[in-house]
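Accompanying notes for the structure given below.
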Amino acid sequence: MAIPETSKIWMDGKLVDWRDATTHVLTHTLHYGTGAFEGIRAYPTPDGPAVFRLRDHMTRLLASCKILMIDVPYTLDELCDAAKEVVRVNELTEGCYIRPLVYLGYGEMGVNPLPAPVNVAIAAWPWGAYLGDEGVAQGVRMKISSWVRHHPNAMPTASKTIGGYVNSSLAKAEAIKAGYDEAIMLGHDGRISECTGENLFIVRDGQLLTPPPSEAGALRGITQASVARLAADLGHGVAYETLRRDDLYLCEEAFLTGTAAEVVPIRSVDDRVVGDGTPGPLTRRLQALYHRVVRGEEPAYEEWLDRV
Ligand code: PPE
């Protein structure tokens, strides 16, 4: 997806022009993939633009870096303030996607990451429906990938590690080439893990189920947790349960969740139609409620919004 240019990017404490936000070709992360990122969305609300669960995302960024033994030279508050500054200075009042990136910079070569300098950048731009407007409205077609999600002892799955996304890219490309919208990855033990950039939920025998992130070797999704809370508040408890591919073939409803994707219905899995092939009633309710919550239209969830 082509990125619409905005005006400024925050780099190591300074706002630089979009076009000048570049790095040397001998940047350590470019060679070895050590580093971490986040994906955050801001939305227009009746009281001005607000970032959704900003602190939770920046907390996860610091956790990702802790796993990688990267010392981030900014505090949680500084990172949150910087993200809001980027939204403000670029006048992104209609909402945007925010991409913080921690990477190892220029000056050291060789696999040892410990001596490399640590750089931090935060960019923001307007980003539409990640899986397309049609996907949001009608649902997406999913394929179970031939690529297995990382074993947690090979790549820490709780960290949004830059290099870890090669696994997601392989699965995504395979799914697209085969004519599907998105891939579902199984873990090393054959359990359902997650999608290339989303977690997933199903409704099976009337029960809302999602894989437990740690056991599934999946990212602990902030949208997954938000939707679980919304479902509970609607009177639908969520069970964190191991799922197998059969569960996906036989479920009545299915949807995926992620910051970029938001809440997107799943229309079919490996060409087995989910339900009657249209988004199910609970999927629709949760999708609509999430849409209102992030836009500040549901006062009960104000604590999740950080006005810029
Ligand atoms: N699993 C993976 C592998 C993942 O990358 C994401 C976010 C999620 C689950 C959902 O997590 P959360 O956003 O906290 O609900 N993927 C980000 C990157 C997308 C991209 O293409 O880049 C995102 O949604 O921002």
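From the list Thr22, Thr75, Thr6, which residue is farther than 28 Å from Arg220 by Cβ, among the β-branched types (Val, Ile, Thr) and open to solvent by 50 Å² or more (accessible area, probe 1.4 Å)?
Numbers: Thr75 fails: farther than 28 Å from Arg220 by Cβ; Thr6 fails: open to solvent by 50 Å² or more (accessible area, probe 1.4 Å).
None of the others qualify; the one that does is Thr22.
Just need a number here: residues in the range 198-216 that are in a loop (DSSP other than H, G, I, E, B) and either open to solvent by 40 Å² or more (accessible area, probe 1.4 Å) or among the aromatic types (Phe, Trp, Tyr) (or both). Show your work before the answer.
Step one: of the range 198-216, the residues in a loop (DSSP other than H, G, I, E, B) are 198, 205-206, 211-212.
Applying the additional criterion that residues be either open to solvent by 40 Å² or more (accessible area, probe 1.4 Å) or among the aromatic types (Phe, Trp, Tyr) (or both) yields 205-206.
Residues in the range 198-216 being in a loop (DSSP other than H, G, I, E, B) and either open to solvent by 40 Å² or more (accessible area, probe 1.4 Å) or among the aromatic types (Phe, Trp, Tyr) (or both): 2 in total.
Considering only the range 226-246, state which residues are open to solvent by 10 Å² or more (accessible area, probe 1.4 Å), closer than 28 Å to Thr161 by Cβ, in contact (Cβ under 8 Å) with a residue 24 or more places away in the chain and out of contact with any Asp or Glu (no Cβ under 8 Å at 6 or more places or on another chain).
Looking only at the range 226-246, we keep the residues that are open to solvent by 10 Å² or more (accessible area, probe 1.4 Å), and these are 228-229, 232-242, 244-246.
Going one step further and asking which of them are closer than 28 Å to Thr161 by Cβ, we end up with 228-229, 238, 240-242, 244-245.
Filter again for in contact (Cβ under 8 Å) with a residue 24 or more places away in the chain, leaving 238, 240-242, 244-245.
The answer is Val238, Tyr240, Glu241, Arg244.
Identify, please: which residue in the range 120-141 is within 14 Å of the ligand (Cβ to nearest atom), in contact with a Leu (Cβ under 9 Å, 6 or more places away or on another chain) and not small (Gly, Ala, Ser) and is, among those, farthest from Thr6 (Cα to Cα)?
Of everything passing the filter in the range 120-141, Leu131 is farthest from Thr6 (Cα to Cα).
What are the residue pairs meeting all of these: first residue in the range 173-199, first residue touching a residue at least 60 places away in the same chain (Cβ under 8 Å), second residue more than 9 Å from the ligand (Cβ to nearest atom) and of a type in the set (Ser, Thr, Tyr), Cβ atoms under 7 Å, and 6 or more apart or on different chains?
Ile184/Ser145
Please verify whether the range 262-271 includes one or more residues that are within 16 Å of the ligand (Cβ to nearest atom), open to solvent by less than 60 Å² (accessible area, probe 1.4 Å) and under 12 Å from the mean Cα position of the chain (by Cα).
yes
Identify the single condition in (1) farther than 24 Å from Val294 by Cα; (2) more than 10 Å from the ligand (Cβ to nearest atom) that Ser193 does not satisfy, given that it satisfies every other one.
(2)
What number goes with the only condition from (1) more than 30 Å from Asp20 (Cα to Cα); (2) buried (at least 19 other Cβ atoms within 10 Å of the Cβ) that Ala158 does not pass?
(2)
The values are calculated or read from the model by the stated rules, or taken from the named source; none is laboratory data. This structure is a prediction, so every number in the text was calculated from the model and none was measured. Virtual Cβ from ideal backbone geometry, glycine too; neighbours counted across all protein chains shown. Just so you know, the surface numbers come from the protein's heavy atoms only, side chains and all, with ligands and any DNA or RNA stripped out. Shrake-Rupley method; radii C 1.70, N 1.55, O 1.52, S 1.80 Å.
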